[in-house]
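Readers should treat all values here as calculations from the given coordinates under stated rules, not as data from a laboratory. Computed from a prediction, not measured in an experiment: that's the story for all the values here. All Cβ positions, even for glycine, are placed from backbone atoms using ideal geometry, and neighbour counts span all protein chains on display.
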Amino acid sequence: MSVIIKTPKEIEIIREGGKILADVLVKVAKKVAPGVSTYELDQYAFKLIKDGGDVPAFLNYKPEGAQRPFPATICISVNNEVVHGIPSKGKILKEGDIVSLDLGLKHRGYFTDHAVTVPVGKISKKDKDLIDMTKKALEIGIWAARGGDAVGDIGHAIESFINRKYGIVRELAGHGVGVEIHEDPYVPNYGKASKGQKLIPGMIIAIEPMLNMGGEHIVSADDNWTIKTADGSRSAHFEHTILITEGDAEILTKI
């Protein structure tokens, strides 16, 4: 495992990019409404990033093992889709849907990664609770990410907080970010305290809990990108890029 410790100069650029990414995602989230296609949201995200002089990190990204590059700017995952949903003109958001918006940005050569799950119009209390719990799980994970502790402390904090109320997706995880969109370490949303890679000040990681209303198991859709819940239950996803420090982590993807 080769963890990249960022220099003060790199951290400054990534901090800059994180603020830009947060602003773009807030604007895209505000466009979410019944009748809007996921394609429209994708095109809007692309325009905002390009107008700012930056590069969409996910567009044409082809990780190892992928059959084809990701064909869009933003991953938009609706209801039982967990992550990596491909936007399309035919996918129209409806009242009562919940939608995960996952966006990566390349700014001055460095990457940040950020996701939120938002309601489409009025949603059920059950769905609102799922979104709120996932957002809180991210906050708990960030709170546990302190210099000198370990990656396992993050996952342990999230898993203990969820306490089997929801299915924690185990086959997908957070990750290092900055020089590449995906770096070491691997940051699961479950784990044992004090185990795994040590958290070193200057590390930049993305923490991203994914919680399912039902079981933890997932399946791949026919498009070879979209990940769905195996049991068809709804899923929520939140993510921040953070800087590990001697004390509390710094959230880089916020305005």
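Starting from a Cα-only point model with no solvent, please compute log10 I(q)/I(0) by Debye for the stretch 1-141 at q = 0.08 1/Å. Normalising to I(0) and taking log10 leaves -0.23. Radius of gyration (Cα atoms) of the stretch 178-235, expressed as a multiple of 2.2 N^0.38 Å: 1.44.
Taking the inverse of the mean 1/r over every pair of distinct Cα atoms in the stretch 114-254 gives a Kirkwood hydrodynamic radius of 15.3 Å.
Screening the chain for whole DSSP H helices with an alpha carbon extent of at least 18 angstrom along the helix axis and a mean Kyte-Doolittle hydropathy of at least -1.0 yields 8-30, 38-51, 125-144.
Under the √(5λ) rule applied to the eigenvalues of the Cα gyration tensor, what semi-axes describe the equivalent ellipsoid of the stretch 8-251? Give them in Å, descending. Each step should come with its number before you reach the end.
Details: eigenvalues 133, 101, 50 Å².
Semi-axes from the Cα gyration tensor: 26, 23, 16 Å.
Entry note, the chain: relative contact order of 24 percent, from Cα contacts under 8 Å with a spacing of 6+ residues.
Of the peptides 5-16, 206-217, the ranking by mean beta-carbon count within 10 Å, highest at the top, reads 206-217, 5-16. Most tightly packed first, judged by the mean number of other beta-carbon atoms within 10 Å of their residues, the peptides 235-248, 190-203, 50-63 read 235-248, 190-203, 50-63.
The residue list G52, I204, A249 was ranked by how far each Cα lies along the charge dipole of the stretch 8-251 toward its positive end, using unit charges on Cβ atoms, and G52 comes out on top. Here the sum of -39500 (n - 2.57) over DSSP H runs of 4 or more residues, divided by the residues of the chain, equals -9000 deg cm²/dmol at 222 nm, to the nearest 500.
A crude spin-label estimate for the pair N60 and K125, with each label 7 Å from Cα along the Cβ direction, gives 5.0 nm.
If each residue's Cβ is checked for other Cβ atoms within 10 Å, how do W225, W143 rank with the fewest at the top?
Details: W225 19, W143 14.
So the residues, fewest neighbours to most, are W143, W225.
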